[in-house]
Amino acid sequence: GSEMCIRDRNTASREIELILEFMPSFLIRLDPEKNILRWNRGAQVLFGITAETMLGRRLDAYPLPWSGQEVNQAVDACMATGRVLSLHDQRFTHPDGKPGLMDLTLNTIPDEAGQTVGVLILGREVTHLRQLESQLLQAQKLEAIGQLAAGIAHEINTPAQFVGDNAQFLRKSFAELETVLDGFQEMLSAAGQGAVPAYLVKRVETVLREVDVEFLRQEMPLALEQVQDGIGRIS
């Protein structure tokens, strides 16, 4: 029974080691003097530095490609207060020289007596996530601009349609008035020659009835006012 219990504990310990080593985030464990006791595979990949290089070194003694001063201050604050600390959007440099961003969470490790025996630094790269967020924000801005443009277009199109309808009415009305003016011109020419034929007077009277000049005299000034009002709205 005791051997089985030992085997179970060993199996569980190996599983935990595998999880810590191959977890998608990077994990760095420090002792109270900031010596590095764990540097998992995630840290090796992200920083391009092997565990053999980092284990046993002080965190603040090796030039890591991140904001070392901020991280070290956070480690000191974490050990001093025992609180969980988070650092967001920390700049760092990839092994290929490209800039990136990472989020860090720092937590103290207590022993059975509650004394701090180290600090865990858990981190993940958020470069791609921030790029997606930026693209989403840009898309939202463009959508807002599109909605604004649609609103402006509506505010312009409505009075423009109003102006167009009245302009069409005025054009048609003027064409009708031209027939009346032509009749008056013929009567004026006839009067100049000494007499206006009765058929000409009758024809002009007929045109006046068909055109409804009185209606046009009332409506055309109103249409002109409405055109002016529509242009004012557009302006």
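The values are calculated or read from the model by the stated rules, or taken from the named source; none is laboratory data. No experiment lies behind these values; they were computed from the predicted model shown. Cβ: placed from backbone, ideal geometry, glycine included. Neighbour counts: every protein chain shown. Ligands, DNA and RNA are stripped out before the accessible areas are found, and what is left, the full protein with its side chains, is counted by its heavy atoms. Shrake-Rupley method; radii C 1.70, N 1.55, O 1.52, S 1.80 Å.
Think of each Lys and Arg Cβ as +1 and each Asp and Glu Cβ as -1; about the Cα centre, that makes the dipole of the chain roughly 720 debye.
Computed from Cα positions, the angle between helix 68-81 and the longest principal axis of the chain comes to roughly 70 degrees.
The structure shown yields mean projected area of the Cα convex hull in nm², and of the options (i) 13.1; (ii) 29.4; (iii) 16.7 that calculated value carries the label (ii). Relative to the longest principal axis of the Cα atoms of the chain, the long axis of helix 198-211 lies at roughly 20 degrees. Positive-end ranking of Gln135, Gly42, Gln185 along the dipole of the chain, with charges on Cβ about the Cα centre, is headed by Gly42. Between Gly151, Ala195, Thr108, the Cα set farthest toward the positive side of the dipole of the chain (charges on each charged residue's Cβ, about the Cα centre) is that of Thr108. For the chain, the 222 nm mean residue ellipticity estimated from helices alone, with every DSSP H stretch of n ≥ 4 adding -39500 (n - 2.57) and the total spread over all residues, rounds to -22000 deg cm²/dmol. Rolling a 1.4 angstrom probe over the protein heavy atoms with all chains in place gives the chain an accessible area of 67 Å² per residue.
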